[in-house]
Amino acid sequence: MEQYAIKGGNALVGEVEIGGAKNAALGILAASLMTDETVLIDNLPDVRDINVMIQAMESIGVVVERIDRHTVKVNGGSTHSTVVDGDYIKKIRASYYLVGALLGKYSSAEVKLPGGCNIGTRAIDQHLKGFRALGARDAGVSGGMIVAHADHLKGAHIYLDMVTVGATINLMLAAVMAEGQTTIENAAKEPHVVDVANFLNCMGASIKGAGTDVIRIRGVAGLHGTEYTIIPDQIEAGTFMFAAAVTKGDVTVKNVIPKHLESITSKLVEIGCEVEESDDAVRVVASKPLLHTHVKTLPYPGFPTDMQPQITVALGLAEGTSIVTESIFENRFKYVEELVRMGAGIKVEGNTAIIEGVKGYTGAGITAPDLRAGAALVLAALAADGVSSVDDIKYIERGYEDFHLKLQSLGAEIEKVESERELQKFRLRVG
Ligand code: EPZ
């Protein structure tokens, strides 16, 4: 089984290029099948979740041509089925965007229930409520599939009971070609919601208000081909920013939109890092001891839940007591057990982690429980004294392209190893 072998202690220094936003790309790929014309998508991250999504689209006849590692041409004109039932599709969460896209285009969709990271119950009731409001009266779960069929999709007024990224994107997809006007209230405002809306608008949709809590969609008769570049990944960028913080480094993350990183930047400043912003880059310098703070995850523009494990790893090294409250998912502290084995002083009570900062972590054999927690544990290992091995890196590879190579380029001693023997060799080499 593949693992990362890591020798901690090096300050990360240098520049790193951030790739396209995975969670925008997943919505955009689904949206791209909604026209029979060809769509060119650029800045697509080469990560596992994206490749599973492409495989699912190909399984129903969508033609996806790879132009290069980060560019694809998609043509949905030869879609021959609205049923996506391959077992592999369960591996990702965003498979549910195929329901919105297929329902929106063909008034019919059946897609295997999604999987994704085990970070909470992750209900889909708001998606289904919205589909039903748009005219898919039977929208529901049946035999392990999400099903939705409509005679005729009609615009509707939809109030979401909670802020949900997934339902906001899915309902935009389902509504773009519905007759008349759709309003989504209490919509998610994440940059990737805006990116999917911008992409759909480039295809001829009429979506207004994305990025605010009210999105208004005027149904159009059809969508057309376009060329589109996906925005940079806010969470990949944030992860490298925190990598600088925990290793007392000096890292410039390039190809980012600094505005999307504001909540992350402000927490880094609060805990004692210097952050310099330019047009499309952010430099983080961590030359002083880290300071404690309190943080609560919230929908955008609040502090992202996808950065919660990374900030917890940093606060574990800050003097004094910090408190991290997770308000989006109820099961997102599973990695804390692993961190405690590395010497962290953290207690979890319900949705709150109470952190007593320690002077340092020590290397250990640890396992990635999910994508972001896995990346955060890698950061802990980079900061730790001694050698660590991180298991189950398949989770990390769901959302980070060339993670270990990018870290290496910043001076980290990290390698991907495939056996116990290779791990031993690494240990011998790094002493
Ligand atoms: C998206 O998940 C992201 N995934 C997650 O990123 C991210 O953590 C999350 O948004 C929050 O930002 C993708 O974009 C593929 P939600 P999603 O719908 O859409 C509840 C990563 O690491 N809810 O915003 O599943 C839900 O249980 C991943 O890249 C309902 O109750 O999240 C949660 O508590 C992990 N009913 C809250 O809303 C619904 O119908 C927010 O969920 C929908 C959601």
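The values are calculated or read from the model by the stated rules, or taken from the named source; none is laboratory data. The structure displayed is predicted, hence computed values, not measured ones. Ideal geometry is used to build each Cβ from the backbone, glycine not excepted, and the neighbour counts take in all protein chains shown. Keep in mind that these areas ignore ligands, DNA and RNA; they rest on the heavy atoms of the full protein, side chains included. Shrake-Rupley method; radii C 1.70, N 1.55, O 1.52, S 1.80 Å.
Go through region 315-342 and count every residue that is part of a strand (DSSP E or B) and open to solvent by less than 20 Å² (accessible area, probe 1.4 Å). Going through region 315-342 one residue at a time, the tally reaches 2.
Within region 18-35, the set of residues being more than 11 Å from the ligand (Cβ to nearest atom) and under 18 Å from SER59 (Cβ atoms) comprises LEU29, ALA31, SER32, LEU33, MET34.
Considering region 37-76, the qualifying strands (runs of 3 or more DSSP E), each wholly inside and each with 3 or more residues that are open to solvent by 50 Å² or more (accessible area, probe 1.4 Å), run over 63-68.
Tell me whether region 279-294 contains one or more residues that are part of a loop (DSSP other than H, G, I, E, B), within 21 Å of ILE323 (Cβ to Cβ) and polar (S, T, N, Q). Scanning region 279-294 turns up at least one residue that is part of a loop (DSSP other than H, G, I, E, B), within 21 Å of ILE323 (Cβ to Cβ) and polar (S, T, N, Q).
Of the residues making up region 292-314, at least one is open to solvent by 40 Å² or more (accessible area, probe 1.4 Å), more than 13 Å from the ligand (Cβ to nearest atom) and within 20 Å of the chain's Cα centre (by Cα).
Among the residues of region 95-115, just one is in contact with a helix residue (DSSP H, G or I) (Cβ under 6 Å, 6 or more places away or on another chain) and β-branched (Val, Ile, Thr), namely VAL111.
Considering only residues in region 343-357 that are out of contact with any Ser or Thr (no Cβ under 8 Å at 6 or more places or on another chain) and open to solvent by 40 Å² or more (accessible area, probe 1.4 Å), the one that is farthest from GLU326 (Cα to Cα) turns out to be LYS347. When the criteria are applied in full, GLU349 meets the requirement of being free of Cβ contacts under 8 Å to residues at least 24 places away in the same chain, out of contact with any Gly (no Cβ under 8 Å at 6 or more places or on another chain) and more than 21 Å from PHE403 (Cα to Cα).
Select from region 174-192 the residues that are more than 13 Å from the ligand (Cβ to nearest atom) and in a loop (DSSP other than H, G, I, E, B) and list them in ascending order. Residues satisfying the conditions are VAL176, MET177, ALA178, GLY180. State whether one or more residues within region 394-407 are closer than 19 Å to ASN10 by Cα, in a helix (DSSP H, G or I), open to solvent by 30 Å² or more (accessible area, probe 1.4 Å) and in the same structural domain as GLY302 (by TED's automatic domain parsing). Checked region 394-407: at least one residue is closer than 19 Å to ASN10 by Cα, in a helix (DSSP H, G or I), open to solvent by 30 Å² or more (accessible area, probe 1.4 Å) and in the same structural domain as GLY302 (by TED's automatic domain parsing). Only one entry of ALA381, ALA373 meets the criterion of being of a type in the set (Gly, Ala, Ser), open to solvent by less than 30 Å² (accessible area, probe 1.4 Å), within 14 Å of the ligand (Cβ to nearest atom) and not in a loop (DSSP other than H, G, I, E, B), and that entry is ALA373. The criterion of at least 3 residues that are among the hydrophobic types (A, V, I, L, M, F, W, C) is met, among strands (runs of 3 or more DSSP E) falling completely within region 198-271, by 214-218.
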